Amino acid sequence: MAIDMMNYAPLIAPGLSGPEYKYRELQIMLETTFRSMVVDNTIQTLWGRTVPISGDIEIDPTLKVEEAVKKLDDAGIEMSVLACMKMWSYYHHHCMIIDFPEDVVAEALAVAPDRFIGAAGYNPFRIDDSLRRIELAVREQGFTYVWFHPITFGLRPNDRRCYPLYAKCVELGIPVGLQVGHSAEVLPSEVGRPYYVDDVAMEFPTLKINLSHTGWPWTAELISMCWRHPNVYGDISAYFPKTLDAELIQFLNSSRGRNKIMFGTNGLDSARCLREIDELPIKDASRERLLRTNALEFLGLR
């Protein structure tokens with residue numbers, strides 16, 4: 001059974017997803033990178049909800065935990081991260097365009113704590129509020145992780161506004177994850193270069209850090225960070241395994257990187273992702289570490 005290190009709150013409440021497509025950043029993404037997903041001016045979100053890509057769309061926080069667990073079982077996934085992503089409109093609107101609530105994920109954790117990993121979000125423009133929310137989520141609601149999206153705020157991971165989060169995660173004894181690499185949405189990409197995590201890893205040597213989304217087009221920088229820092233990991237989420245760069249496949253199949261790269265879907269078809277991992281030209285030991293063991297070690301579950 002695999003562990004999905006990168007999924008989102010709509011896995012257990014699909015109605016949380018959809019309203020974000022009224023914002024220009026995501027509409028441009030659907031005109032370019034993901035244009036094949038649009039049919040008759042509608043899109044089916046990664047969690048199965050069909051919505052128009054313009055106009056107001058109601059947010060529905062209704063839990064569908066049994067359906068989510070069945071999806072995990074059918075795909076062969078033991079546990080999945082539920083990230084409460086916070087996304088800011090950098091240019092077009094200057095407001096939050098995604099803000100998945102921790103309270104909804106907390107309800108799912110109460111129902112099935114053995115199947116879901118709660119990942120609180122972080123808004124570096126509202127530091128005090130975010131830190132209070134994270135502390136509550138960890139100390140009282142069963143969260144064991146924080147995942148955030150500095151690209152959307154136009155910030156590098158080593159920006160001073162991110163440092164309070166790292167200090168709080170060290171205090172709480174939990175790992176942190178963040179997106180690196182380019183942005184599929186029309187958001188700043190240069191700030192996503194993995195090398196900007198170098199400062200963070202040196203200044204917080206006990207903090208476990210996960211660099212999500214392969215770091216492409218700076219994959220070599222992600223490899224460098226994972227190789228040289230004991231507590232820096234990476235995941236392959238947001239890319240189907242057959243599309244991974246050869247250098248990343250070589251790294252995760254080597255003694256240098258076998259213990260550092262983790263499986264994640266970012267909401268993509270889990271069954272397809274697992275099938276394609278089976279087809280990768282890697283050793284069985286590397287495959288097992290990728291799918292499960294590295295995540296267990298990163299999360300402190302073994």
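The values are calculated or read from the model by the stated rules, or taken from the named source; none is laboratory data. Because the structure is predicted, anything quoted here is derived from the model rather than measured. In this analysis, Cβ positions are derived from the backbone assuming ideal geometry, glycine residues included, and neighbour counts consider all displayed protein chains.
So, in the stretch 12-25, how many residues would count as being in contact with a helix residue (DSSP H, G or I) (Cβ under 8 Å, 6 or more places away or on another chain) and either within 13 Å of Cys95 (Cβ to Cβ) or free of Cβ contacts under 8 Å to residues at least 24 places away in the same chain (or both)?
Matching residues across the stretch 12-25 total 1.
Does the stretch 277-296 contain at least one residue that is surrounded by fewer than 16 Cβ atoms within 10 Å (Cβ to Cβ), at pLDDT 95 or above and under 21 Å from Gly118 (Cβ atoms)?
Looking for residues that are surrounded by fewer than 16 Cβ atoms within 10 Å (Cβ to Cβ), at pLDDT 95 or above and under 21 Å from Gly118 (Cβ atoms), one finds at least one in the stretch 277-296, hence yes.
Give the residues of the stretch 79-89 that are assigned to a strand (DSSP E or B) and either closer than 27 Å to Ile3 by Cβ or at pLDDT below 90 (or both), sorted by residue number.
Within the stretch 79-89, Met79, Ser80, Val81, Leu82, Ala83, Lys86, Met87 qualify.
Just to be sure I understand, how many residues within the stretch 1-44 are among the polar types (S, T, N, Q) and in a helix (DSSP H, G or I)?
Looking only at that region, the number is 2.
Can you name the residue in the stretch 210-233 that is crowded, with 24+ Cβ neighbours inside 10 Å and β-branched (Val, Ile, Thr) and, of all such residues, is nearest to the chain's Cα centre (by Cα)?
Within the stretch 210-233, the match that is nearest to the chain's Cα centre (by Cα) is Thr214.
Considering only residues that are touching a Phe, Trp or Tyr at 6+ places or on another chain (Cβ under 6 Å) and not in a loop (DSSP other than H, G, I, E, B), look in the stretch 176-193 and name the one that is nearest to Lys86 (Cα to Cα).
If we take residues in the stretch 176-193 being touching a Phe, Trp or Tyr at 6+ places or on another chain (Cβ under 6 Å) and not in a loop (DSSP other than H, G, I, E, B), then Leu178 is nearest to Lys86 (Cα to Cα).
Kindly provide the set of residues from the stretch 72-82 that are out of contact with any helix residue (DSSP H, G or I) (no Cβ under 7 Å at 6 or more places or on another chain) and buried (at least 19 other Cβ atoms within 10 Å of the Cβ), ordered by number.
Leu72, Met79, Val81
Looking at the stretch 180-201, can you tell me whether even one residue there is out of contact with any Lys or Arg (no Cβ under 9 Å at 6 or more places or on another chain), without any contact (Cβ under 8 Å) to a residue 24 or more places away in the chain, farther than 24 Å from Gly142 by Cα and surrounded by fewer than 17 Cβ atoms within 10 Å (Cβ to Cβ)?
No.
Cβ-Cβ below 8 Å, separation at least six or inter-chain, first residue in the stretch 55-78 and in contact (Cβ under 8 Å) with a residue 40 or more places away in the chain and part of a loop (DSSP other than H, G, I, E, B), second surrounded by 17 or more Cβ atoms within 10 Å (Cβ to Cβ) and β-branched (Val, Ile, Thr): which pairs?
Pro61/Val104; Leu63/Ile12; Leu63/Val104; Lys64/Ile12
Residue-by-condition table, conditions (1) free of Cβ contacts under 8 Å to residues at least 60 places away in the same chain; (2) under 27 Å from Leu72 (Cβ atoms); (3) part of a loop (DSSP other than H, G, I, E, B):
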| site | (1), (2), (3) |
| --- | --- |
| Pro113 | yes, yes, yes |
| Gly118 | yes, yes, no |
| Leu155 | yes, no, yes |
| Ala167 | yes, no, no |
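Considering Met79, Met29, Met37, Met85, which residue is in contact with a Gly (Cβ under 9 Å, 6 or more places away or on another chain) and within 26 Å of Phe240 (Cα to Cα)?
After applying the criteria, what remains is Met85.
What is the one condition in (1) within 21 Å of Asp269 (Cα to Cα); (2) without any contact (Cβ under 8 Å) to a residue 40 or more places away in the chain that Ala238 does not satisfy?
Only one criterion is unmet by Ala238, namely (2).
So which of Ala295, Ala285, Ala220, Ala271 ends up being assigned to a helix (DSSP H, G or I) and either within 27 Å of Met37 (Cβ to Cβ) or touching a Pro at 6+ places or on another chain (Cβ under 8 Å) (or both)?
The match here is Ala271.
Can you confirm whether the stretch 235-242 contains a residue that is assigned to a helix (DSSP H, G or I) and either closer than 17 Å to Ala201 by Cβ or in contact with a Gly (Cβ under 9 Å, 6 or more places away or on another chain) (or both)?
Taking every residue of the stretch 235-242 in turn, none turns out to be assigned to a helix (DSSP H, G or I) and either closer than 17 Å to Ala201 by Cβ or in contact with a Gly (Cβ under 9 Å, 6 or more places away or on another chain) (or both).
For Glu276, are the conditions met, namely being acidic (Asp, Glu), free of Cβ contacts under 8 Å to residues at least 40 places away in the same chain and in contact with a helix residue (DSSP H, G or I) (Cβ under 6 Å, 6 or more places away or on another chain)?
So Glu276 fits the description; yes.
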